[in-house]
Amino acid sequence: MLRVRQHNRSTSGHERSGSVTLEFIIAFPIVFIAGLAIVEFFFLILVIEGGTTALHEGTRKAAELYPSTFPLDLAGDDDDIADKVVAVINQHLNVYNIEVVDSANGLATDDPKKQNATVIIERNGMTVTRPAGGSLNQSGNVIGCSRTGPPPDIDEVVVTLCFEFVDSADPSGIDGPVPDWLASFGFSLAGSKFEMTSRASLE
């Protein structure tokens with residue numbers, strides 16, 4: 001008499017399905033955090049690149065040849081060397097929701113949706129900080145900013161640019177340069193800043 005064996009495939013199918021579900025539940029948090037990290041660091045790299053470009057273009061503008069009577073800084077005036085440098089830097093930074101606010105010299109009013117930046121220009125033995133006293137972050141604290149490296153020689157110009165990556169008043173990053181999405185997982189960019197100095201020979 002011939003006997004036919006029947007295998008219960010239904011049971012093994014359910015077991016495999018449950019195994020896949022468990023694997024997904026275990027792997028999802030890791031994949032989610034890795035995805036957030038990739039996006040956040042993509043924004044960070046873009047902002048660093050943008051800040052570097054803005055600084056180099058501003059330094060190039062500061063190194064141009066100007067008439068001897070053209071001032072580096074004239075309080076209340078909106079047409080001096082410092083104003084031209086700040087205007088060039090702002091053109092590049094605005095794309096990343098960053099700005100140099102210098103309303104005392106006719107350059108922009110503070111946009112609460114943008115992170116503030118500080119520019120320090122050293123030329124012909126003079127130092128100008130825009131805005132005067134340095135920028136405030138969105139929480140009202142001064143953003144520390146200082147030159148890296150030696151002071152400029154008599155035939156050099158040095159420009160320093162500083163800003164914080166994360167908007168302290170809105171760390172979600174909707175309006176700020178870089179979102180602080182990994183803060184909930186123990187890795188935060190809060191307080192981290194872009195601080196770079198560039199120098200060039202005067203034309």
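A short reminder: the numbers here are calculations on the coordinates, not readings from a lab. Computed from a predicted model, the values in this text were never measured in an experiment. Ideal geometry is used to build each Cβ from the backbone, glycine not excepted, and the neighbour counts take in all protein chains shown.
Observations, loosely collected:
- Phi-derived couplings, Karplus 6.51 cos²θ - 1.76 cosθ + 1.60 at θ = phi - 60°, listed residue by residue for the stretch 127-132: 10, 10, 10, 10, x, 4 Hz, with x used for Gly and Pro.
- Scalar couplings 3J(HN,Hα) for the stretch 133-145, obtained by applying the Karplus form with A = 6.51, B = -1.76, C = 1.60 to θ = phi - 60°, are x, x, 7, 9, 6, 6, 9, x, 9, 5, 7, x, 8 Hz; x denotes Gly and Pro.
- Within a Gaussian network of the chain (alpha carbon springs, distance under 10 Å), most fluctuating of Phe28, Phe165, Phe187: Phe28
- Measuring r between the beta carbons of Asp110 and Asp79 and using R0 = 22 Å, the FRET efficiency lands at 0.55.
- For Ala190 and Phe32, the difference between the fully extended length at 0.36 nm per residue and the C-alpha to C-alpha distance is 54.8 nm.
- Gain upon complete extension [Glu23, Thr52; 0.36 nm per residue less C-alpha separation]: 6.1 nm
- Counting neighbouring Cβ atoms within 10 Å and putting the fewest first, the residues Thr127, Thr21, Thr59 line up as Thr21, Thr127, Thr59.
- Every helix of 4 or more DSSP H residues in the chain counts as -39500 (n - 2.57), and over all residues that averages to -12000 deg cm²/dmol at 222 nm.
- Using alpha carbons only: equivalent-ellipsoid semi-axes of the stretch 111-168, gyration tensor based, whole Å: 26, 10, 8
- Our summary of shape: the Cα atoms of the chain have principal axis extents of 115, 32, 25 Å, ordered from largest down, in whole angstrom.
- Each Lys and Arg adds +1 at its Cβ and each Asp and Glu adds -1 at its Cβ; summed about the Cα centre, the stretch 12-201 shows a dipole of about 400 debye.
- Candidate lysines for bridging to Lys113, where Cα separation is under 25 Å - those fewer than 8 sequence places away on the same chain excluded: Lys84, Lys193
- Between the stretch 36-69 and the stretch 162-194, the alpha-carbon center distance in angstrom: 19
- Sequence-ordered 3J(HN,Hα) estimates for the stretch 87-92 from the Karplus curve with 6.51, -1.76 and 1.60 and θ = phi - 60° stand at 4, 5, 4, 4, 4, 7 Hz, glycine and proline given as x.
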